[in-house]
Amino acid sequence: MVPERRLAEHLARWLGKWPGAGDLDIVGSPGRTLPGWNGAIYPAMGVRSPAGGVLSVPPEHAEKVAELYAEARDFDAIAPQVSALLGYQERGFYTAVYRWSIRPAQSADAGSWVAADDPRVPAWLRPFGGEVLVAWDPDTGAYLAGVGLKRHDDRGRELAVVTASEARGRGLARRLVAQAARRVLDEGAVPTYLHARDNRASAAVADAAGFPDRGWTAFGLSGREG
């Protein structure tokens, strides 16, 4: 299956529909009431491409959110109302650049795959479960950088990367992201990568690893434990 088809299948499962109809299609999905990759509930998730977008909310709220959007035609204007409707009035919607890759950079591997519960793995990587990709110091064996996979479904894997402060500037992050992306594609899924709009360092990593900025965005409400 071509990677673009994998992405479409992933988004259809993750959001409840893809592609959307028009600028922003509001859909009700049971997935918004079920635990996500880390066991938390994510009550609103959306992805927008230049061709249109989908916002996924719990089924019982879809009609009301659609009415609000139809009146305003500006999601930012109704975001506080949507947050309150979903019971998250204390939280605002986040927005991120949404990237995906079908041709990751063919750079040299920088790390090795190990179990997330390996005692050498830092705390931030443990919640990802399964295997994580880690670059170790060849002399001391200390952690230098790592990538975790948010396993949303069998077609979509979102990559997260963190480099230790003392190891930055060596190109480890971009090489690890590309290495992880190649494995994700080999396993029949598509790798995705999100970052804040103003995070230039993360954007540079994505560009170098083969995740171009296609003008897509992701937005939603951060999760809480189910």
Matching residues in segment 98-121 - criterion: being touching a residue at least 40 places away in the same chain (Cβ under 8 Å), touching a helix residue (DSSP H, G or I) at 6+ places or on another chain (Cβ under 7 Å) and buried (at least 17 other Cβ atoms within 10 Å of the Cβ):
99, 100, 101, 104, 105, 107, 110, 111
Filter segment 158-170 for residues that are closer than 14 Å to residue 202 by Cβ, open to solvent by less than 50 Å² (accessible area, probe 1.4 Å) and either out of contact with any Gly (no Cβ under 6 Å at 6 or more places or on another chain) or among the β-branched types (Val, Ile, Thr) (or both) and give the result.
158, 159, 161, 163
Just to be sure I understand the filter: pairs with C-beta atoms under 8 Å, separated by 6 or more residues or on different chains, first member in segment 206-218 and acidic (Asp, Glu), second member in a helix (DSSP H, G or I). Which pairs pass?
213/203; 213/206; 213/207
Taking segment 53-66 and keeping residues open to solvent by less than 10 Å² (accessible area, probe 1.4 Å), closer than 16 Å to residue 22 by Cβ and in contact with a Gly (Cβ under 8 Å, 6 or more places away or on another chain) leaves 53, 54, 55, 56
Got a sec? Which strands (runs of 3 or more DSSP E) wholly within segment 125-226 have at least 3 residues that are closer than 27 Å to residue 49 by Cα and within 17 Å of the chain's Cα centre (by Cα)?
143-151, 156-163, 190-195, 217-220
May I ask you to list the residues in segment 182-226 that are among the basic types (Lys, Arg) and surrounded by 14 or more Cβ atoms within 10 Å (Cβ to Cβ)?
182, 183
One residue is enough: does segment 149-157 have a residue meeting the conditions over 30 Å from residue 90 (Cβ atoms), free of Cβ contacts under 8 Å to residues at least 60 places away in the same chain, open to solvent by 30 Å² or more (accessible area, probe 1.4 Å) and out of contact with any helix residue (DSSP H, G or I) (no Cβ under 7 Å at 6 or more places or on another chain)?
yes
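With respect to residue 174, is the statement that it is under 22 Å from residue 13 (Cα atoms), of a type in the set (Lys, Arg) and either crowded, with 21+ Cβ neighbours inside 10 Å or in contact with a Phe, Trp or Tyr (Cβ under 6 Å, 6 or more places away or on another chain) (or both) true?
No, not satisfied.
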In segment 1-44, residue farthest from residue 88 (Cα to Cα) [restricted to those that are acidic (Asp, Glu) and touching a strand residue (DSSP E or B) at 6+ places or on another chain (Cβ under 7 Å)]:
23
If only one of 88, 69 is more than 28 Å from residue 207 (Cα to Cα), touching a Pro at 6+ places or on another chain (Cβ under 7 Å) and open to solvent by less than 10 Å² (accessible area, probe 1.4 Å), which one is it?
88
What pairs come out if I take residues in segment 1-27 that are over 18 Å from residue 214 (Cα atoms) and open to solvent by 30 Å² or more (accessible area, probe 1.4 Å) and pair them with residues that are of a type in the set (Ser, Thr, Tyr) and not in a loop (DSSP other than H, G, I, E, B) whose C-beta lies under 7 Å away, six or more apart or interchain?
16/56
How about segment 122-145: which of its residues are of a type in the set (Ser, Thr, Tyr) and open to solvent by 70 Å² or more (accessible area, probe 1.4 Å)?
140
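The values are calculated or read from the model by the stated rules, or taken from the named source; none is laboratory data. What you see is a predicted model; the values in this text were computed from it and never measured. Cβ: placed from backbone, ideal geometry, glycine included. Neighbour counts: every protein chain shown. Just so you know, the surface numbers come from the protein's heavy atoms only, side chains and all, with ligands and any DNA or RNA stripped out. Shrake-Rupley method; radii C 1.70, N 1.55, O 1.52, S 1.80 Å.
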